[in-house]
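Some notes on the structure that comes next.
The values are calculated or read from the model by the stated rules, or taken from the named source; none is laboratory data. Quick caveat, the model's predicted, so the values are computed rather than measured. Because the Cβ atoms are built from the backbone with ideal geometry, glycine has one as well, and the counts that use them run over all protein chains shown.
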Amino acid sequence: MRQIDLDFQPRRQGGPLAWGLLAGALLLGAAVLGTHHWIEKQTAERLAQLQQAQGQLGVSDTRQSSLSPAEQREQQVNLAEMRRISAQLRRPWERLFNTLETLPRKDIALLSLTPDARKGQLRVTAEARNLESMLAFHRALEESGVLVDVSLQNHEVMAKVPERPVLFNLLATWEVGDANP
């Protein structure tokens, strides 16, 4: 009996197109590597020229030692200002706005909010339907946990308007436990 030789996938011989593509890919890879090497060499040469020119001009990388005392004080003042601004930006603004949005404001219309993050204060300008609503809103702000020392700055009963609404300003301290550096 004869042996059965089954070949389900015949071997393919690479044609000239496949060999041409392989050769082209190899040439392209060699060109890219050569270009990379040339760019690195040029960069190193330019860096050496720059360092040599800086050495001739007397420019050093350590600027702190070349600053005068007045320039150092100015730099420290600028750094302190940057830290102060950074502390203001780290305040939990989202928590403040969420608190104000969740307060019961049935008879209150908030007209403006003026936060002063540097002083940690918030000025609220609002209009209430009546004095009782204004006082209830004042109490709710005090009990919010975010604002403390809520004080009424001024109020005005709008006598010319039939409903007699109350226009008022509150000033509150904005409590922030972990935002200060």
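Structure summary
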quantity: From the options 110, 100, residue that is surrounded by 13 or more Cβ atoms within 10 Å (Cβ to Cβ) and part of a helix (DSSP H, G or I); calculated: 100
quantity: Residue that is surrounded by the fewest Cβ atoms within 10 Å (Cβ to Cβ) [pool: residues in segment 51-96 that are at pLDDT 80 or above and charged (D, E, K, R)]; calculated: 94
quantity: Among (1) β-branched (Val, Ile, Thr); (2) part of a helix (DSSP H, G or I); (3) touching an Asp or Glu at 6+ places or on another chain (Cβ under 9 Å), the one test that residue 148 misses; calculated: (2)
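Table: residues versus (1) closer than 17 Å to residue 95 by Cα; (2) at pLDDT below 85; (3) surrounded by 12 or more Cβ atoms within 10 Å (Cβ to Cβ).
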site: 139; (1), (2), (3): no, no, no
site: 148; (1), (2), (3): yes, no, yes
site: 152; (1), (2), (3): no, no, yes
site: 156; (1), (2), (3): no, no, no
site: 160; (1), (2), (3): no, no, no
site: 167; (1), (2), (3): no, no, yes
site: 173; (1), (2), (3): yes, no, yes
site: 177; (1), (2), (3): yes, yes, no
site: 180; (1), (2), (3): yes, yes, no
